[in-house]
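The structure appears below as C-alpha cells.
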Amino acid sequence: MGNLFRLEHLDMSFNFLRGGIPTSLSNCSRLLDLVFSSNPLGGGVPSDLGLLTKLVTLYLDRTKLKGKLPPSLGNLTSLRELGLDKNNLKGEIPEDIARLTQLVYLELTMNNLSGVFTPAIYNLSSLEYLSMYGNGFWGNLRPDIGYLLPNLQDLSVGQNYLTGAIPTTLTNISSLQKLGIEYNNLKGSIPSSFGKVRNLQLLTLLGNSLGNHSVKDLEFLDALTNCTQLQELDVGYNRLGGFLPASIANMSTNLIYLSKPSRKSHLRKHSS
C-alpha cells in the first residue's frame with residue numbers, strides 16, 4: 001500500500017482488519033483522508049503518520065489502539081477532523097497538538113488519557129466539537145476558556161476528575177449547543193448567564209458538588225427560560241437547595257426532562 005503514491009482517499013472502516021496500522025502508509029504523501037474506524041487493528045499510533053502532512057481527516061476510532069499519542073501528530077497542520085475515541089490510549093496529550101490550529105472536530109472519548117486538562121487544547125480556537133468524555137483528566141477548566149475556544153458548538157468533558165468552578169466565560173460562546181461536564185468534582189454555583197446562550201440544547205452537570213444547599217442555588221433556572229431550544233437539563237446528584245422557581249413552567253416546551261432517573265442508566269447510555 002505504501003507504493004500508492006497518488007492515493008488521496010483511503011477508507012477501510014467497519015471491517016475485521018488486524019495487525020496494526022501499516023507504517024508504509026507514510027509513503028502515501030498525497031493522502032487527504034485516512035479512515036480505519038471500527039477495526040480490531042491493535043498496536044499503537046505510528047509516529048510515521050506525522051509524515052502525512054496533507055491529511056485533512058484522520059479517524060482511528062474503535063480500533064483497539066494502545067500506548068501514547070506520538071508528538072509527531074502535531075505535524076498534521078492541515079488536519080480538520082481527528083477521531084481517536086473508544087481505544088486504550090493512555091498518558092498525556094502531547095503539547096505538539098497545539099499546532100493543529102485547523103481542527104474543527106476532536107474526539108477522544110473513552111480512553112485512558114490523563115494529566116492536567118490539556119493546555120494544548122486551548123490553542124485550537126477553530127474547534128467546534130470537542131469530546132474528552134471518560135478519561136482521567138484533572139485540574140480546573142481555565143477561566144478564559146470561552147474566549148480561547150469561541151467557536152465551540154459541542155463540549156463534552158464528563159466523567160473525568162475536573163475540579164474548581166464552572167467558567168462563566170463558557171456562556172460567552174454564542175454558538176454553544178451542547179455542554180456536558182457531568183461526573184466530575186466541580187463546585188460553586190451554576191452561572192445564571194447560561195441564559196445568554198440562546199442556542200443551548202443540552203446542559204448536563206449531574207454528579208458534581210455544585211450548589212451549597214442554599215435557597216439561591218436554583219436561581220439559574222430563571223435565566224434558562226430564555227433558552228428556547230433547550231431539550232435536556234440534568235443537574236441531579238449535586239448539592240442544590242431551595243425551591244423550584246415558578247418560572248420553570250415557562251421553560252421551553254421542547255424540554256424533555258430535568259434529570260435522569262439514576263446514575264447507572266446514564267452510564268449505560270454513554271457506554272453503548
| So which of 143, 150 is assigned to a loop (DSSP other than H, G, I, E, B) and more than 16 Å from the chain's Cα centre (by Cα)? | 143
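Anything in region 207-218 that is over 15 Å from residue 193 (Cα atoms), surrounded by fewer than 19 Cβ atoms within 10 Å (Cβ to Cβ) and either among the charged types (D, E, K, R) or in contact with a Leu (Cβ under 9 Å, 6 or more places away or on another chain) (or both)? List them, or say none.
Matches in region 207-218: 209, 212, 213, 214.
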| When the residues of region 136-147 are filtered to those that are crowded, with 16+ Cβ neighbours inside 10 Å and not small (Gly, Ala, Ser), which remaining residue is farthest from residue 168 (Cα to Cα)? | 137
| Looking at residue 133, is it part of a loop (DSSP other than H, G, I, E, B) and either in contact with a helix residue (DSSP H, G or I) (Cβ under 8 Å, 6 or more places away or on another chain) or without any contact (Cβ under 8 Å) to a residue 24 or more places away in the chain (or both)? | yes
| query | Got a number for residues in region 153-164 being closer than 22 Å to residue 114 by Cβ and assigned to a loop (DSSP other than H, G, I, E, B)? | reply | 4
| remark: If we keep only residues of region 236-268 that are hydrophobic (A, V, I, L, M, F, W, C) and assigned to a loop (DSSP other than H, G, I, E, B), then the residue modelled with the highest pLDDT is 240
| task | Considering each of 62, 80 in turn, give the residue that is surrounded by fewer than 22 Cβ atoms within 10 Å (Cβ to Cβ), of a type in the set (Lys, Arg), in contact with a Leu (Cβ under 8 Å, 6 or more places away or on another chain) and at pLDDT 95 or above. | result | 80
| said: Could you tell me how many of the residues in region 70-90 are polar (S, T, N, Q) and within 17 Å of residue 121 (Cβ to Cβ)? | reply: 1
| task | From 72, 114, grab the single residue that is in a strand (DSSP E or B) and hydroxyl-bearing (Ser, Thr, Tyr). | result | 114
| field | Members of region 219-235 found to be crowded, with 19+ Cβ neighbours inside 10 Å and assigned to a loop (DSSP other than H, G, I, E, B), listed by number | value | 227, 230, 235
| field | Test: residue 150 is surrounded by fewer than 21 Cβ atoms within 10 Å (Cβ to Cβ), under 26 Å from residue 85 (Cα atoms), in contact with a helix residue (DSSP H, G or I) (Cβ under 6 Å, 6 or more places away or on another chain) and not small (Gly, Ala, Ser) | value | no
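In a strand (DSSP E or B) and not polar (S, T, N, Q): does that describe residue 79? Talk me through it step by step, then tell me what you get.
Working: in a strand (DSSP E or B): no; not polar (S, T, N, Q): yes.
Considered against the rule, which asks whether it is in a strand (DSSP E or B) and not polar (S, T, N, Q), residue 79 comes out as no.
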| field | Selected residue (only one of 203, 186 is modelled with pLDDT of 95 or more, surrounded by fewer than 22 Cβ atoms within 10 Å (Cβ to Cβ) and touching a Leu at 6+ places or on another chain (Cβ under 7 Å)) | value | 186
| note | Pairs returned, first residue in region 189-213 that is within 14 Å of residue 232 (Cα to Cα) and in contact (Cβ under 8 Å) with a residue 12 or more places away in the chain, second residue that is assigned to a loop (DSSP other than H, G, I, E, B) and aromatic (Phe, Trp, Tyr), beta-carbon separation under 6 angstrom, 6 or more apart or interchain, are 206/237
| said: Is it the case, given these coordinates, that residue 18 is more than 19 Å from residue 121 (Cα to Cα), under 18 Å from the mean Cα position of the chain (by Cα), part of a loop (DSSP other than H, G, I, E, B) and among the basic types (Lys, Arg)? | reply: no
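The values are calculated or read from the model by the stated rules, or taken from the named source; none is laboratory data. Please read all numbers here as calculations on a predicted model, not as lab measurements. Cβ: placed from backbone, ideal geometry, glycine included. Neighbour counts: every protein chain shown.
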